[in-house]
Amino acid sequence: MSTAVIGESLPVSGNHPAALVRSCDTTSLPVCLSAQRFVKLHAVAAVVFLLVGGIGAILLGLTRWPAVHLLNAEWYYRVLTLHGLNMLIFWILNFEIAILYFAGTVLLNSRLFSKGLAWVGFLLMLAGALTVNVAIMQGRSDVLMTSYVPLKAAPSFYLGIILMAVGALIGVINYFGTLYIAKRDRTYTGSVPLVVFGATAAAIIAVVTLLHGAIVMIPTFLWSMGLVESVDPSWYRITWWGLGHMSQQVNVCAMVSVWYLLGTLTTGSRPLNQAVCRGAFVLYILFINLASAHHLLVDPGVGAGWKIWNTSYAMYLAVLASMIHGFTVPASVEVAMRKKGHDRGLFGWLFAAPWSNPGFSGFFLSLVIFGFGGGITGVVLGTQQINIMAHNTLRIPGHFHVTVVGGTTLAFMALTYYVVPLLFQKEFYAKALCRIQPYIFGLGITLAALGMSFAGSYGVPRRHWDVEFTGSLFSTGFDSGAHVMLGILGIGAVIAFIGLMLYIGLVVAAVFFGRSNAGRAMEPWHEEAPAAGPALPEGEAEHRVPGTVALVIVFLLTFAVYYFANWKWLSDVWEVR
């Protein structure tokens, strides 16, 4: 395994009391037992909230599908609120805290800063999530995830979000404390591994995100209690997106860190240029929060100069960071596979990759879906003129379902196939089902997102319960194409739900009933494919990435076609009379 990415494979060091650490039987990395406990707790909580959010997802998908139209209006908005908060906040934040504890201790050969802080953070996050879910199911908080003022939820709804945010902030502080201990005790040499660097970038953005949450949620909570007369809707909306959009950029940093980690675990790859990769993470820290402007481009209270700066300059610096990672990750895999002798043709390395390993297939599908789906649609929707037409249509959920679900969630699923054997020390049942699960989920979420995006292009509204309530934004009714796309959305939702339930069932069976692998290495997910030729000498394949260059060219051509097609669509809508 590459030490540059995941840290050195060292024996247990003297920095740990013997009773508080074990040596991983597969990687030989020291595992802090306190950190391991909280990685497990947060991971289990994450999967539970993923289940809740997933049930909401299938109900919503079957409601937006006109042929089924499952829920009535009241329950549609209730379930939409439940789905958004559990999927975008509770599932992902819990998993990300688990990643921080893993990166800060295992990859740095360090102990956890404070077990007490870890308990407080976990319990606050758990209490907050449960409080919010109860408030939603009581029918007093049908305000969607954004909870835009003047919509008012029950006080417990806001209180739960505040508790969740404070708990997550405590987890981040605990992570920073762990970094301090590792630096103080010199548990590593040189720079921190790239995965830890990426996790730290995520943690820094998380602090800014959670502070925005406190700024916006505390006065809203007081307003719901009757202690504050009113909250300005424009102020709330602008400030809320400092929480809403930046929280997804925490996901991006964590997701990219997982890409690098899984690339190393599955193929032995390492980044081609550490400095460039780290610089890309810094670009996220500096500019990704400004990309939240694309949610505010239709707001009259925001000046044109601010909109132009954010969408025409700052956002593209964040996009540059994603493009750097989108090149270096597959390029590092290509170099690793070519070095092993899989050097035949343009894509011989890709065909020989360990596609039967769910850790690899999940992360690579995450990379492709995020890049082609989320990256392209995100840049286009961040263009002010196009945004004006598309913002309140189903295209926006189509975009963030390929970023947050097809990207982040699928990457976290892929990581789970290593977390359970290495940290829970349990083996998965039904390996064949594990191997197909990423493909099922990836196919389903791609179809669902495509259905949303193209239905939105027909003018289907973003949040309305009934697709026929008023017709298209540009005509008196939807044509058959919109109904076809909504049907694709529903079919995709069903397939994705099958993949989700398969994942949850496999994880639960392994964690609670799986065969222990304590004292021995985890069972390998795949056998190395026979090389087409001899392994290349060290350095010979270092910069031979023609396959990745070809993939990048395909990506850029796809982006150009989609971007200019949107301008053509815009010109058709706004005909010059």
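The values are calculated or read from the model by the stated rules, or taken from the named source; none is laboratory data. Just so you know, these numbers come straight off a predicted model, no measurement behind them. Note that each Cβ is placed from the backbone with ideal geometry, even for glycine, and that neighbours are counted across all protein chains shown.
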Residue check: is Trp259 assigned to a helix (DSSP H, G or I), touching a residue at least 24 places away in the same chain (Cβ under 8 Å), closer than 18 Å to Leu381 by Cβ and aromatic (Phe, Trp, Tyr)?
no
Test result for Ile436, under 15 Å from His69 (Cα atoms), modelled with pLDDT of 90 or more and surrounded by fewer than 18 Cβ atoms within 10 Å (Cβ to Cβ)
no
Enumeration of residues in segment 182-194 that are surrounded by fewer than 24 Cβ atoms within 10 Å (Cβ to Cβ) and in contact with a Gly (Cβ under 9 Å, 6 or more places away or on another chain)
Ala182, Tyr188, Val192
Consider segment 336-352. How many of its residues are buried (at least 24 other Cβ atoms within 10 Å of the Cβ) and of a type outside the set (D, E, K, R)?
3
So which residues in segment 273-316 are in contact (Cβ under 8 Å) with a residue 40 or more places away in the chain, surrounded by fewer than 13 Cβ atoms within 10 Å (Cβ to Cβ) and of a type in the set (Phe, Trp, Tyr), if there are any at all?
none
Go through (1) over 27 Å from the mean Cα position of the chain (by Cα); (2) outside any helix (DSSP H, G or I) and name the single condition Lys183 misses.
(2)
Given the options Val208, Val166, name the one that is under 30 Å from Lys152 (Cβ atoms), surrounded by fewer than 23 Cβ atoms within 10 Å (Cβ to Cβ), in the same structural domain as Leu151 (by TED's automatic domain parsing) and modelled with pLDDT under 95.
Val166
Output the number of residues of segment 391-417 satisfying the condition of being within 18 Å of Tyr458 (Cα to Cα), in contact (Cβ under 8 Å) with a residue 60 or more places away in the chain and touching a helix residue (DSSP H, G or I) at 6+ places or on another chain (Cβ under 6 Å).
4
Leu144 fails exactly one of the following numbered conditions: (1) at positive phi; (2) in a helix (DSSP H, G or I); (3) not hydroxyl-bearing (Ser, Thr, Tyr). What is the number of that condition?
(2)
Taking interchain pairs and intrachain pairs at least six residues apart, which have beta carbon atoms under 6 angstrom, with the first residue in segment 118-138 and of a type in the set (A, V, I, L, M, F, W, C) and the second surrounded by fewer than 20 Cβ atoms within 10 Å (Cβ to Cβ) and modelled with pLDDT under 95?
Leu124/Val166
